[in-house]
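Okay, so here's the structure we're looking at.
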Amino acid sequence: MVRAPRTYLVTGGAGFIGSHLAEAPLVRGDRVRILDNFSTGRRENLKTVSGLELLEGDIREVETCARAAAGCSGIFHQAALGSVPRSVSDPATTFAVNLTGTLNVFLAGRANGCERVVYASSSSVYGSDATLPKTEERIGQPLSPYAASKRSGELLAQAFAHCYGTTMVGLRYFNVYGPRQDPDSPYAAVIPLFFKAALSGQPATVFGDGEQTRDFTYVGDVVEANLAAMDSPLPGGSSLILNIGAGRRTTVNDLWKAVADAAGYEGPPVHAPARAGDVRDSLADLRLAAERIGYTPRVGIGEGLGKAFAYYRGVAAGAAGTDPSSAR
């Protein structure tokens, strides 16, 4: 039996993860509406995506969220203000976007009868708990306002499921990377920063001793997890929180070596003091995600870095006005 096309809202759909996610339902014949205020999202992320509806607006505006969710059967809520350091310097804006904005999206979904909301959470909620791997039922104290905002969003989702019967699925992302991740933001993530440095012939900055570990997760796996979370049979009104990672740890020092080798850069990084709010180690336990939505990561760190390198090499070549195919 052929399923009738559905309409999905992707908040933050012009962002790094959101733009990849917006493409996927279109490929299978569904309709996609994007809501983005372009504060961190970029229009060029959408230049290869055709057939979607774009609504420019801010999730902090209740009426905008209501308009965006009209006629949608499900919402992929990706809009957020990321970065631990940014949240430490400006916690008020972080909470205005990540909690009040999330409340507005949830309210819009409820008012428009959306069957399910799949929302982006973060591995940062594990905070001070040093247990590895990270299991969904065990969290520590939040170490940053960003972590607190994401945990607050999870609690809000649980309340909505209980009070209003909307099925809510939270995905705790572990260090997502891949093409379109912005290396030029003042709060850029480590992998795009490393590629930008290496391709420019410059040493990267490593905070702390570099032996801290992260579970780096390729963006394509995150997209598959979102689709599975939206499509998997779950009881109506249920609330679920799942780890979405690669299930493997990589030290920051090893990451720099892999990036530098790919880019042909020889030289050590520059070390700086550890940053406030950063966790020491991270590793996802993926058993619950496999059980509930069938999630299994497909792209290992080597393959994923290769895909990211091809993208950043093209960006660097384009900026230099050269043929990307000839860039090292």
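Here are the numbers:
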{"quantity": "Breaking point among (1) out of contact with any Lys or Arg (no Cβ under 9 Å at 6 or more places or on another chain); (2) of a type in the set (S, T, Y); (3) in a strand (DSSP E or B), for S121", "calculated": "(1)"}
{"quantity": "Residues of segment 239-269 classified as hydroxyl-bearing (S, T, Y), within 20 Å of K307 (Cα to Cα) and touching a residue at least 60 places away in the same chain (Cβ under 8 Å), total", "calculated": "1"}
{"quantity": "Complete set of residues in segment 203-244 that are at positive phi and of a type in the set (S, T, N, Q)", "calculated": "none"}
{"quantity": "Condition met for P85 (of a type outside the set (A, V, I, L, M, F, W, C) and either farther than 26 Å from G294 by Cα or in contact with an Asp or Glu (Cβ under 7 Å, 6 or more places away or on another chain) (or both))", "calculated": "yes"}
{"quantity": "For D129: the one exception among (1) under 21 Å from the mean Cα position of the chain (by Cα); (2) assigned to a loop (DSSP other than H, G, I, E, B); (3) among the charged types (D, E, K, R)", "calculated": "(1)"}
{"quantity": "Filter pass, A289 being modelled with pLDDT under 95 and either surrounded by 20 or more Cβ atoms within 10 Å (Cβ to Cβ) or aliphatic (A, V, I, L, M) (or both)", "calculated": "no"}
{"quantity": "Members of segment 147-188 that are under 20 Å from the mean Cα position of the chain (by Cα), at pLDDT 95 or above and of a type in the set (F, W, Y)", "calculated": "Y173, F174, Y177"}
{"quantity": "Unmet criterion (only one of (1) modelled with pLDDT under 95; (2) assigned to a helix (DSSP H, G or I)) for L143", "calculated": "(2)"}
{"quantity": "Residue, surrounded by the fewest Cβ atoms within 10 Å (Cβ to Cβ), within segment 251-286, restricted to residues that are of a type in the set (D, E) and out of contact with any Pro (no Cβ under 6 Å at 6 or more places or on another chain)", "calculated": "E266"}
{"quantity": "Residues of segment 187-225 satisfying the condition of being part of a loop (DSSP other than H, G, I, E, B), among the small types (G, A, S) and farther than 20 Å from R248 by Cα", "calculated": "A188, S200, G201, A204, G208"}
{"quantity": "Matching residues, segment 199-252, being touching an Asp or Glu at 6+ places or on another chain (Cβ under 9 Å), closer than 22 Å to D278 by Cβ and small (G, A, S)", "calculated": "G208, G210, G245, A246, G247"}
{"quantity": "Some residue of segment 13-36 being out of contact with any Lys or Arg (no Cβ under 6 Å at 6 or more places or on another chain), part of a loop (DSSP other than H, G, I, E, B) and over 27 Å from A228 (Cβ atoms)", "calculated": "no"}
{"quantity": "Qualifying positions in segment 5-64 - at pLDDT 95 or above and of a type in the set (V, I, T)", "calculated": "T7, V10, T11, I17, V32, I34, I59, V62, T64"}
{"quantity": "Of all residues in segment 80-98 being assigned to a helix (DSSP H, G or I) and in contact with a Lys or Arg (Cβ under 9 Å, 6 or more places away or on another chain), the one that is farthest from A189 (Cα to Cα)", "calculated": "A96"}
{"quantity": "Some residue of segment 231-241 being buried (at least 24 other Cβ atoms within 10 Å of the Cβ), at pLDDT 95 or above and either aromatic (F, W, Y) or under 18 Å from the mean Cα position of the chain (by Cα) (or both)", "calculated": "no"}
{"quantity": "Positions within segment 239-251 being over 25 Å from E115 (Cβ atoms) and of a type in the set (S, T, N, Q), in sequence order", "calculated": "T250, T251"}
{"quantity": "Matching entry among A157, A188 (being touching a Gly at 6+ places or on another chain (Cβ under 7 Å) and either among the hydrophobic types (A, V, I, L, M, F, W, C) or under 25 Å from R116 (Cβ atoms) (or both))", "calculated": "A157"}
{"quantity": "Residue among E63, E44 that alone is acidic (D, E), part of a helix (DSSP H, G or I) and over 24 Å from D221 (Cβ atoms)", "calculated": "E63"}
{"quantity": "Residue check, G153 within 26 Å of R287 (Cβ to Cβ), in contact (Cβ under 8 Å) with a residue 12 or more places away in the chain and assigned to a strand (DSSP E or B)", "calculated": "no"}
{"quantity": "Neighbours by Cβ (under 6 Å, 6+ apart or cross-chain): first from segment 227-238, more than 15 Å from C114 (Cβ to Cβ); second among the hydrophobic types (A, V, I, L, M, F, W, C)", "calculated": "L227/A24; A228/I293; S232/I293"}
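The values are calculated or read from the model by the stated rules, or taken from the named source; none is laboratory data. Given the structure is predicted, the values throughout are model-derived calculations rather than measurements. Neighbour counts are summed over all protein chains in view; Cβ atoms, including those assigned to glycine, are modelled from backbone coordinates with ideal geometry.
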